[in-house]
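Visitor: What follows is a structure written as structure tokens; I'll ask about it next.
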Amino acid sequence: MAPEELDTASGADTGPEPAPGTRRPGGRTARTRASVLEAALAELVEHGYAETRIDRIAGRAGVAATTVYRRWGTLENIVVDLADHLSVSISLRADATLEEHLRTVARAVVALHDDPAHRAWLRAMVSAAAGSPKAQEALSAVLANRREITSAAVAEAIARGEVPSGTDPHEVIRAAVAPLYLRMYITGEPGGPAEADRAAAAAARAARAGVYAPDRTAAGRPGGAEGG
């Protein structure tokens with residue numbers, strides 16, 4: 001992401017203005033960003049997406065509303081940036097199997113749920129998305145970006161013949177994490193490392209069997225089936 005610095009507290013530009021919500025700021029701008037995102041989270045949890053207002057976020061953060069509008073532009077951009085602010089880094093080893101990669105991804109989902117701030121954000125967004133198209137779009141954008149990043153592990157598995165050619169990487173990622181989201185955010189059941197590993201194993205096994213490839217007969221070809 002663009003490293004240009006914009007001093008949002010003083011209003012002094014020190015570089016070209018990138019698109020709202022795309023900058024990784026430092027110094028005073030970093031502190032402003034953190035304050036605004038913390039205020040946004042508090043507003044989302046307290047009022048819900050539909051009733052969250054940028055002017056209240058600004059007041060809670062102790063900055064001018066114009067600063068927030070200049071930095072993010074819309075509430076949707078704030079929500080997306082907030083999700084990035086609350087994310088965890090995932091390191092995928094080059095020599096790992098698909099199941100090992102999926103286990104890392106699934107455990108990251110559990111780790112995010114264990115973080116009270118991210119858990120509050122996601123619950124607020126899921127609740128809001130049921131009645132707000134804009135909230136749904138913002139939430140979908142966040143989850144699509146995470147799938148795009150983690151689906152590289154599936155693409156690597158395809159390239160080395162661990163799963164059939166044509167396997168849909170995004171569907172494999174969905175299969176690995178959906179059971180965890182169901183347990184933790186819908187049914188309220190426990191979700192920990194054991195559940196993460198089980199979901200990863202099931203998704204990897206299905207992928208190797210060709211479930212997520214358009215032509216399931218590919219599972220019987222060399223490199224496409226388990227043990228092939």
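Visitor: Which of A159, L98, A83 sits farthest toward the positive end of the charge dipole of segment 54-166, with +1 on the Cβ of Lys and Arg and -1 on the Cβ of Asp and Glu?
Guide: Farthest towards the positive end: A83.
Visitor: Separate question: Once neighbouring chains are kept in place and the probe is 1.4 Å, which whole percent of the accessible area of segment 76-228 is contributed by carbon and sulfur?
Guide: On the way: 4070 of 7380 Å².
Ligands and nucleic acids excluded, carbon and sulfur give 55 percent.
Visitor: Nearest 0.05, what FRET efficiency do D197 and A130 give at R0 = 35 Å with Cβ-Cβ as r?
Guide: Taking R0 as 35 Å, the efficiency between D197 and A130 is 0.70.
Visitor: Right, another one. Assuming 0.36 nm per residue, please report the length gained on full extension of the stretch H170 to A111 beyond their Cα-Cα distance.
Guide: Separation in residues times 0.36 nm, less the Cα-Cα distance, equals 19.2 nm.
Visitor: FRET efficiency for E137 and L92, Cβ-Cβ distance as r, R0 = 30 Å, nearest 0.05?
Guide: So, using R0 = 30 Å, E works out to roughly 0.60.
Visitor: Multiply the residue separation of D84 and R70 by 0.36 nm, subtract the distance between their alpha-carbon atoms, and state the gained length in nm to one decimal.
Guide: Full extension from D84 to R70 adds 3.2 nm.
Visitor: So, for segment 119-182, what is the accessible surface per residue at a probe of 1.4 Å, expressed in square angstrom?
Guide: Value returned for segment 119-182: 46 Å² of accessible area per residue.
Visitor: Ok, one more. What is the mean projected area of the alpha carbon convex hull for segment 20-133, to one decimal in square nanometres?
Guide: Mean projected area for segment 20-133: 8.4 nm², to one decimal.
Visitor: Right, something else. What does a probe at A178 reach in segment 78-120, counting residues whose amide N is under 18 Å from the point 7 Å along Cα→Cβ?
Guide: 102-103, 105-107, 109-110
Visitor: Looking at segment 67-115, which trypsin sites (Lys or Arg not before Pro) are in a loop (DSSP not H, G, I, E or B) and have at most 15 other Cβ atoms within 10 Å?
Guide: On the way: sites: R70, R71, R93, R103, R107; in loops: R93.
Taking segment 67-115 and a limit of 15 other Cβ atoms within 10 Å, the loop trypsin sites (Lys or Arg not before Pro) found are R93.
The values are calculated or read from the model by the stated rules, or taken from the named source; none is laboratory data. What you are looking at is a predicted structure, and each value in this text was computed from that prediction instead of being measured. Virtual Cβ from ideal backbone geometry, glycine too; neighbours counted across all protein chains shown. Protein only, heavy atoms only, side chains kept; ligands, DNA and RNA dropped before computing areas. Shrake-Rupley method; radii C 1.70, N 1.55, O 1.52, S 1.80 Å.
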